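Below is one structure, written out as structure tokens; the observations come after it.
The values are calculated or read from the model by the stated rules, or taken from the named source; none is laboratory data. Because the structure is predicted, anything quoted here is derived from the model rather than measured. Quick reminder, even Gly has a Cβ in these numbers, built from the backbone with ideal geometry, and neighbours come from all protein chains shown. Quick note on the areas: whole protein, heavy atoms, side chains included, nothing else; ligands and nucleic acids left out. Shrake-Rupley method; radii C 1.70, N 1.55, O 1.52, S 1.80 Å.
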Amino acid sequence: MALNNYKLQVKEINKTFSSGVVFKKNSFQAVNKVSFNLKKGEILAIVGESGSGKSTTARMITNLIKPSSGEILYDGTNINEKSLRKQLPEKIQMIFQDPFAALNPNHTIGYAIGRPLELKRKVRGSLREKVLELLTQVGLTPAEDFIDKYPFQISGGQKQRVVIARVLGLEPEVIVADEPTSMLDVSIGIDIMNLLLDLCKERDLSYILITHNLGSARYMADRIMVIFAGEVVELGDTEEVIHNPKHPYTQLLLHSSPDPWKSTKEDIEIVESADTSLPEHGCQFQYRCPFVTEACRTTSIPLYENGNDRQVRCNLYAEED
Ligand SMILES: Nc1ncnc2c1ncn2[C@@H]1O[C@H](COP(=O)(O)OP(=O)(O)OP(=O)(O)O)[C@@H](O)[C@H]1O
Ligand SMILES: [Mg+2]
């Protein structure tokens, strides 16, 4: 039984990868004490640059890899509890970036969607009817035209719809989508985002969207969590984060988002490429921060609570704590 209305509670999860199988000489902390809660029906976007630990976080939440420390609760129960072992793989589903790799080229679309339903004994009546219904729900109509096709006979956007149909068939309560539209062209990507948004709203699903793109995050999410070098640097309500970004990294992300209204090359400000190496001590963003002080170079920075459920990992906001 859940003691609160959180579907997921992520508590200080860490992930350290070690190189070398026998002598684990070098270790690298990909995710550092990440914590957040996700309510039923809530959409959270995790935003950050390449290598910041987004996919590693997603893989821990979906139990594909185990955290080095910390815990993840689903409806108040640790996801590694025996009692959840059977139902969890259905309840928390992941959608990957690459729909081309997600579908076996030797199997029809009907098989790709129907086989997991058969294995999980999800269908009482006709399996084919259920698959046709799912295809229709994801906009692949007339469904009879798609069910017997092979993946190579449909487009990338249609493949991602098949993946979504397969996920929906298992009746998940949480969907984690890792850059689900980044391999699709922009207009098809928007269709897929709208489809996911509608399905989540209709079914009151909790949804974690992982993206590089603050525009997609704003369009989809109730809250945005920004991560940098494996650490949460800002977390808050979507409109507040977009209109009043507090962490210098969030400000940089917003500043570097392409703006189509700036139509001429002269209008576009080029953000100079910065030092992307990471320091051993202090704030992880110090090499790129325009507001860096001596204190930022020496001591690590806590996540300050900043009113309105806003969290910011920056000394600029220490006094507002
Ligand atoms: N299995 C692994 N073994 C060792 N290092 C790993 C492993 N998986 C990820 N990493 C490292 O952890 C860091 C975070 O990787 P992750 O894939 O989570 O980044 P990401 O934010 O999803 O990036 P991208 O936006 O490029 O997908 C990277 O430096 C990556 O090289
Ligand atoms: Mg990734």
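Rounding to the nearest 20 debye, state how big the charge dipole of the stretch 91-179 is about its Cα centre with +1 on each Lys and Arg Cβ and -1 on each Asp and Glu Cβ.
340
Mean residue ellipticity at 222 nm from the helices of the chain, using -39,500 (n - 2.57) per DSSP H segment of n ≥ 4 over the full residue count, to the nearest 500 deg cm²/dmol?
On the way: 12 runs with 100 residues, N = 321.
The per-residue figure over the chain is -8500 deg cm²/dmol.
At 7 Å along Cα-to-Cβ for each site, give me the label-to-label distance between SER155 and GLU71 in nm.
With each label placed 7 Å out from Cα toward Cβ, I get 4.8 nm.
How many nm separate the modelled label positions at LYS201 and ASN308, each set 7 Å beyond the Cα in the direction of the Cβ?
So the two model labels end up 2.3 nm from each other.
Taking 0.36 nm per residue of separation and subtracting the Cα-Cα distance, what length does fully extending LEU170 through HIS243 add?
Values: separation 73, 0.36 × 73 = 26.28 nm, distance 3.75 nm.
So the extension gain works out to 22.5 nm.
How big is the charge dipole of the chain about its Cα centre, in debye rounded to the nearest 20, if each Lys and Arg gets +1 on its Cβ and each Asp and Glu gets -1 on its Cβ?
Details: 37 positive and 42 negative charges, 341 e Å.
Using Cβ point charges on Lys, Arg, Asp and Glu, the chain gives about 1640 debye.
Just to confirm my understanding: which cysteines in the chain have no other cysteine beta carbon less than 4.7 Å from their beta carbon?
When partners are defined as cysteine Cβ atoms under 4.7 Å apart, the chain leaves CYS200, CYS289, CYS314 without one.
What order do you get for 141-152, 198-209, 215-226 when each peptide is scored by the mean count of other beta carbon atoms within 10 Å, highest first? It would help to have the intermediate numbers written out before the result.
On the way: 141-152: 14.9, 198-209: 17.9, 215-226: 21.3.
In decreasing order of mean packing, 141-152, 198-209, 215-226 become 215-226, 198-209, 141-152.
Take ARG115 and LEU278, extend 7 Å from each Cα along the Cα→Cβ direction, and tell me the distance between the two endpoints in nm.
Using points 7 Å along Cα→Cβ, the separation is 3.7 nm.
How long are the semi-axes of the equivalent ellipsoid of the chain, defined as square roots of 5 times the Cα gyration tensor eigenvalues? Whole Å, largest first. Please list the in-between numbers first.
Numbers: eigenvalues 264, 114, 70 Å².
Square roots of five times the eigenvalues give 36, 24, 19 Å.
A 27 angstrom limit on the alpha carbon distance is what I want to check against. Which of LYS66/LYS86; LYS7/LYS201; LYS15/LYS122; LYS122/LYS201; LYS66/LYS159; LYS54/LYS120 exceed it?
On the way: LYS66/LYS86 17 Å; LYS7/LYS201 15 Å; LYS15/LYS122 34 Å; LYS122/LYS201 22 Å; LYS66/LYS159 29 Å; LYS54/LYS120 29 Å.
Beyond 27 Å between Cα atoms: LYS15/LYS122; LYS66/LYS159; LYS54/LYS120.
Assuming 0.36 nm per residue, please report the length gained on full extension of the stretch ASN106 to ASP185 beyond their Cα-Cα distance. Could the numbers behind the result be given before it?
Working: separation 79, 0.36 × 79 = 28.44 nm, distance 2.55 nm.
Extra length from ASN106 to ASP185 when fully extended: 25.9 nm.
Length gain on complete extension for the stretch VAL292 to SER35, per 0.36 nm per residue less the alpha carbon to alpha carbon distance? Don't skip to the answer; put the middle values down first.
Numbers: separation 257, 0.36 × 257 = 92.52 nm, distance 2.51 nm.
Result: 90.0 nm gained on full extension.
If you rank LEU197, LEU44, LEU254 by how much accessible surface each has, with a 1.4 Å probe, what is the order from largest down?
Values: LEU197 30, LEU44 0, LEU254 50 Å².
Per-residue accessible area, sorted high to low, gives LEU254, LEU197, LEU44.
For the stretch 101-227, count the residues as N, evaluate 2.2 N^0.38 Å, and divide the Cα radius of gyration by that value, please. Display every interim value, and only then the final one.
Numbers: Rg = 14.8 Å, N = 127, 2.2 N^0.38 = 13.9 Å.
In units of the globular-protein estimate, the stretch 101-227 measures up at 1.07.
Could you tell me what percent of the DSSP beta bridges with both partners in the chain are antiparallel, to the nearest 5? Display every interim value, and only then the final one.
Values: 27 of 45 bridges.
Taking every DSSP beta bridge with both residues in the chain, the antiparallel ones total about 60 percent.
For the stretch 199-259, what is Rg from Cα atoms divided by 2.2 N^0.38 Å, rounded to two decimals?
The stretch 199-259 yields a ratio of 1.15.
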